[in-house]
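Some notes on the structure that comes next.
The values are calculated or read from the model by the stated rules, or taken from the named source; none is laboratory data. Note that the structure is predicted; figures quoted are calculated from it, not measured. In this analysis, Cβ positions are derived from the backbone assuming ideal geometry, glycine residues included, and neighbour counts consider all displayed protein chains. Protein only, heavy atoms only, side chains kept; ligands, DNA and RNA dropped before computing areas. Shrake-Rupley method; radii C 1.70, N 1.55, O 1.52, S 1.80 Å.
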Amino acid sequence: MAIGNFGSAIIFETSDNKVLNFTQFKRQVSSRWASHPRIGQKPVKQFLGPDIDKVTFTVILDARHGVKPRNILEVIDNSIIRGSPEYLIIGCRRIGSSKFVITSKSETWDEIFNNGELVRASMELTFEEYL
């Protein structure tokens, strides 16, 4: 069953044959403010507008769960290098109102078998809103 997706290249799902999901989903929605100093008084805040949304989460890639870790890592790398904006969909609903880009990936290779076969890896992805 599909959990969500980032465009058509990355599909998060759980089934009998494949488990590709995420944990520690965090979304940051913030605004921009200016601070104007005043002599002898507290500064005055001025609302400048909304800031871009940011999303981070961790993905576990495990070959024992029907995933090819190196292939997924390469797909993510290509998305970062191309700067491809896509909608981030979780549970059939878009996150935010705009597309996102993956701005960074941090990966950890947890298990490597004979001949350098990557069996288990984890990656933390950071997405930023693309306007």
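Rounded to the nearest 0.05, what FRET efficiency do D62 and A34 have when you use their Cβ-Cβ distance and R0 = 35 Å?
0.15
With the full set of protein chains in place, find how many percent of the accessible area of the chain is carbon and sulfur; take the probe as 1.4 Å.
Exposed carbon and sulfur together represent 51 percent of the surface.
Obtain the nm distance between the two label points defined at T103 and D16 by a simple spin-label model: each point lies 7 Å from its Cα along the Cα-to-C-beta direction.
A separation of 4.3 nm, rounded to one decimal place.
About the Cα centre, and with charges only on the beta carbon of Lys, Arg (+1) and Asp, Glu (-1), how big is the dipole of the chain? Nearest 20 debye, please.
Result for the chain is approximately 760 debye, rounded to the nearest 20.
Express in nm, to one decimal, how much length is gained between N115 and N71 on full extension, taking 0.36 nm for each residue of separation and deducting their alpha carbon distance.
That works out to 14.2 nm of additional length.
In Å, the Kirkwood hydrodynamic radius of the chain over pairs of distinct alpha carbons?
One over the average 1/r among Cα pairs gives 16.6 Å for the chain.
If you plug each phi of the range 8-13 into the Karplus form 6.51 cos²θ - 1.76 cosθ + 1.60 with θ = phi - 60°, what whole-Hz ³J(HN,Hα) values come out, in order, with x for Gly and Pro?
9, 7, 10, 10, 8, 8
Could you provide, to the nearest whole Å², the per residue accessible area of the chain with probe 1.4 Å?
Per residue, the chain has 64 Å² of solvent-accessible surface.
Take the Cβ-Cβ distance between A2 and F47 as r, set R0 to 22 Å, and report the resulting FRET efficiency rounded to the nearest 0.05.
With a Förster radius of 22 Å, E is 0.05.
Along the charge dipole of the chain, which of S8, F57, S31 sits closest to the positive end, that is, farthest toward it, with unit charges on the beta carbon of Lys, Arg, Asp and Glu (+1, +1, -1, -1)?
Highest projection toward the positive end goes to S31.
Taking a virtual spin label 7 Å from the Cα of I81 along the C-beta vector, which residues in the range 87-131 bring their backbone nitrogen under 17 Å of it?
102-107
For the chain, find the longest principal axis of its Cα atoms and tell me its angle to the long axis of helix 69-82, 0 to 90°, nearest 10.
With rounding to tens, the tilt is 40 degrees.
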